[in-house]
Every structure is written in structure tokens, then in C-alpha cells.
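Taking it in order: structure first as C-alpha cells, then the write-up.
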Amino acid sequence: MTDLVLHVPPGRAWGTPHMSPFCAKLETYLRMTGTPHKVEPIAITKAPKGKIPFVTIDGELMGDSQLIIERLERSAKAPLDADLGPRERAIGRSIRRMLEEGTYFTGVYLRWVTDEGYPHVRGEISKVLPAPIRLLLPMIRRKVKKSTIAQGTGRHTVDEICALAIADFQACADLLGDQPFLLGDAPHVVDATLYPFLEGQLRFPNDTPVKRAIAGMANLVAYRDRIRARWWADLDAAAAA
């Protein structure tokens, strides 16, 4: 690989790497591995899978954060997960799938569907969307709500949704224990996945039972702080400027 361009929306919503945990996951991985790359605004019409993030690798467009990471891992001289055995790989995959296929939708619901969360989302998205597209936000919100119902999360009460999310993060806290990273002393792909979910909850302006529960998990908060200080210190530098 000689050239990589990361295509993500502009801005660092609420002092996080990205509003989307998938965009944040991929950029965190690139930073963890020291992979040279440029960041450019998205042109969603060019997204190979119609979703963000996507990349240009040596002139080729590629979508899906996990597929991109797996391609980079295969071609890397020092893959992030090279030292993992089958059991650790299985644990990492299980946590990643839990977060991306389950926990993610609890966050979507709390942000987009609840009347307390949505104004914060609308405010950030309105900063980057052209005026004609901003008029479509109510329709987009309805579509998002329908998607959570189709997936299943939106069929629960808010209390039940929060309980599901809290249990997921508690599982991560239990797995982490007193280790520096989820699978031991070194960072792995699963850490690039968990970190954005923690940032997305802890720095989202609206107060929720999920946010309060995570704030009470001292080892997860310290874990978030370690990763932020090591690979995303520029976020705090920009806020202080």
C-alpha cells in the first residue's frame, strides 16, 4: 500500500473523534498502527457500500470499517492482532460484534429517537449539511426510528434499552479488569472498536442512565482516558486552543 485516503464527515462532534463510532474506529486503528493516511471530506455518492467511512487505497475505493481493517492487517508488517491466539481472537471478535451489532443500536435510539437526545444530534449535523438537506432531517429521523424497530431495539422501552447497553459495557469492564487494554498489555483491533463507543457515551451532552453507569466504571473511564491521551491528544489540544 502506498497511499490511503480516509473519507469521513468533517468535524469532531462533542470533542469526540467522530459522531459515527465506525469512522472513529477506523481512524483510531490508523493512529494506533501509525498507518500513513490523509483525511478528506466524504462524497457519499462515491461510497462503495453507500455508508461511511470508506477509503481510497492505492486509487481503489473500499467500504466497511472492519473489511478495511482486515485488509490492512493482512498487508501490515506488524499487524495489531499478530500476537493473539485463537481464544483471544474469538473474544475480540465477540466483543466487537456485540458492540457493533447490538450496543450500537441502543446508542442510535438514545441519540436519534428520544426527544432529549435528538436536539444534540440535529445541532451537530446541521453544522455540516447543506441547507436543503437539513430540511430533510425530520424525515431522516423517522427513517432511523423505523430502522431501530426493524432491528429490534426500538421495540423496547427506554429503560430496557438502557439496561441492555449498561450490561454490554459492564461485560467490557469485567473483561478489562485491571489490564491496560482489553486483551492484555498491548492494544488490538478490539480496542479501536470499544474506545469510540465509550467516547460516544461519555461525551454526548445529554445525560442518560448509560452515561452515568459508564462514568461509575472506573476501569473503563481510565481505559478511555489512556487511549485518548495516547492517540487522540489533539482533541484536547484543539479544545484548549
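The values are calculated or read from the model by the stated rules, or taken from the named source; none is laboratory data. Here the structure is a predicted model, which is why all the values come from computation and not from measurement. Note: ideal-geometry Cβ built from the backbone for every residue, glycine included; neighbour counts use all protein chains shown.
Condition test on Ala192, is it under 19 Å from Glu100 (Cα atoms) and part of a helix (DSSP H, G or I)?
Yes: the conditions hold for Ala192.
So for region 201-209 (the condition being crowded, with 21+ Cβ neighbours inside 10 Å, over 15 Å from Leu175 (Cβ atoms) and touching a His at 6+ places or on another chain (Cβ under 8 Å)), does at least one residue qualify?
yes
Output the number of the condition that Arg122 fails; it satisfies all remaining conditions of (1) under 25 Å from Gln170 (Cβ atoms); (2) in contact with a Lys or Arg (Cβ under 9 Å, 6 or more places away or on another chain).
All conditions are met except number (1).
Counting just the residues of region 51-73 that are under 16 Å from Thr35 (Cα atoms) and acidic (Asp, Glu), which one comes out nearest to the chain's Cα centre (by Cα)?
Once the filter is applied, the top-ranked residue is Glu70.
Of the residues in region 10-21, how many are buried (at least 19 other Cβ atoms within 10 Å of the Cβ) and not polar (S, T, N, Q)?
Total meeting the criteria: 5.
Is there a residue being surrounded by fewer than 12 Cβ atoms within 10 Å (Cβ to Cβ) and either touching a Leu at 6+ places or on another chain (Cβ under 6 Å) or assigned by TED's automatic domain parsing to the domain that holds Asp168 (or both) anywhere in region 92-108?
Yes, the conditions are met somewhere in region 92-108.
For a quick check of your reading of the model, give me the residue pairs whose first member lies in region 224-239 and is surrounded by 11 or more Cβ atoms within 10 Å (Cβ to Cβ), whose second is in a helix (DSSP H, G or I) and not hydrophobic (A, V, I, L, M, F, W, C), with beta-carbon atoms closer than 6 Å and at least 6 apart or on different chains.
Ile227/Tyr195; Trp231/Arg31; Leu235/Gly15
Quick check on Asn206: is it among the polar types (S, T, N, Q) and in a helix (DSSP H, G or I)?
The answer is no for Asn206.
List, please: which pairs have Cβ atoms under 8 Å, are six or more places apart or on different chains, and start with a residue in region 134-151 that is assigned by TED's automatic domain parsing to the domain that holds Tyr118 and of a type in the set (D, E, K, R) and end with one that is assigned to a helix (DSSP H, G or I) and loosely packed, with under 15 Cβ neighbours inside 10 Å?
Correct list of pairs: Arg134/Ser126.
For region 69-85, indicate whether the set of residues that are more than 23 Å from Ala165 (Cβ to Cβ) and among the β-branched types (Val, Ile, Thr) is non-empty.
Yes, because at least one residue in region 69-85 is more than 23 Å from Ala165 (Cβ to Cβ) and among the β-branched types (Val, Ile, Thr).
Sort through Thr148, Thr208 and tell me the only one that's closer than 16 Å to Glu100 by Cα and among the polar types (S, T, N, Q).
It is Thr148.
So, restricting to helices (runs of 4 or more DSSP H) that lie completely within region 1-115, which ones have at least 3 residues that are without any contact (Cβ under 8 Å) to a residue 40 or more places away in the chain, out of contact with any His (no Cβ under 9 Å at 6 or more places or on another chain) and within 19 Å of Asp168 (Cβ to Cβ)?
Counting at least 3 such residues, we get 86-98.
Restricting attention to region 153-183, and to residues there that are in contact (Cβ under 8 Å) with a residue 24 or more places away in the chain and outside any helix (DSSP H, G or I), which single residue is surrounded by the fewest Cβ atoms within 10 Å (Cβ to Cβ)?
Restricting to residues being in contact (Cβ under 8 Å) with a residue 24 or more places away in the chain and outside any helix (DSSP H, G or I), the top hit is Asp178.
Any idea how many residues of region 222-237 are within 16 Å of the chain's Cα centre (by Cα) and either of a type in the set (Lys, Arg) or not in a loop (DSSP other than H, G, I, E, B) (or both)?
Of the residues in region 222-237, 7 are within 16 Å of the chain's Cα centre (by Cα) and either of a type in the set (Lys, Arg) or not in a loop (DSSP other than H, G, I, E, B) (or both).
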